[in-house]
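Presented below is the structure to which this report refers.
Read-outs: derived from the displayed coordinates by stated rules, not from any lab. Keep in mind the model is a prediction, meaning the values are calculated, not measured. Cβ atoms come from the backbone with ideal geometry, glycine included; neighbour counts cover every protein chain shown.
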Amino acid sequence: MNTVKRSKGLNLPPWPKKSLPFLIKEFGPTVFLAILLGTCLDLYFVGKNLYMFPKRPFPEIFSFNIGFTFIALPILVLVFINMMNRVTKWGKVGIILFLSLLMPIMERLSELFGLFEHASEWKHIYSFFGYLVFLSLIFVFYRLTNKEH
């Protein structure tokens, strides 16, 4: 088996080794906020019959898709924060706008696969603005809880 090693002549600083407790301290509060907000928003909108999740884990217990809220959303938030930490201010604006525009498209695809349904009065532009606020809030919260970064 071959192992890839860093070239010693590059004069780059060593890769930081981050322990699991450090990662939980850095990202945990933000991921928890995203899960909490996602759950509350889903419960509200499902309760108002504005959208629903026809195919979801444990439908007899949960009215929202716990697979998305507790697994996919945290992973997406971690990827989002990682991307945001690598770009300039305008890059951050671009990422938030791009993802906010992408979400209504993903909702439409979810509807085609029977994973998501909206009431007739729902407009996908609501999702654009909702994700715009959600992603901005998540990143501002991350920055406030990680001021040393």
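Compute the separation of the alpha-carbon centres of the range 74-90 and the range 95-125 and state it in Å as a whole number. That distance is 21 Å. The calculated pair-distance distribution of the range 21-145 uses every alpha carbon pair, bins of 5 angstrom beginning at 0, and gives 2, 10, 19, 24, 20, 13, 8, 3, 0, 0 percent. Note on the range 21-145: with charges restricted to the Cβ of Lys and Arg (+1) and Asp and Glu (-1), its dipole about the Cα centre is near 440 debye. Straight-line reach from LYS123: which aspartates and glutamates have Cα under 14 Å away, leaving out those fewer than 8 places along the same chain? Within the straight-line limit of under 14 Å, LYS123 reaches these aspartates and glutamates: GLU107, GLU111.
Cα convex hull of the range 25-64: how many Å³ per residue?
On the way: hull volume 3.0 nm³, N = 40.
In the range 25-64, the Cα hull volume divided by residue count equals 76 Å³.
Ordering LEU43, ILE66, THR30 by Cα displacement along the dipole of the range 21-145 toward the positive end leaves THR30 in first place; charges were set at the Cβ atoms of Lys, Arg (+1) and Asp, Glu (-1).
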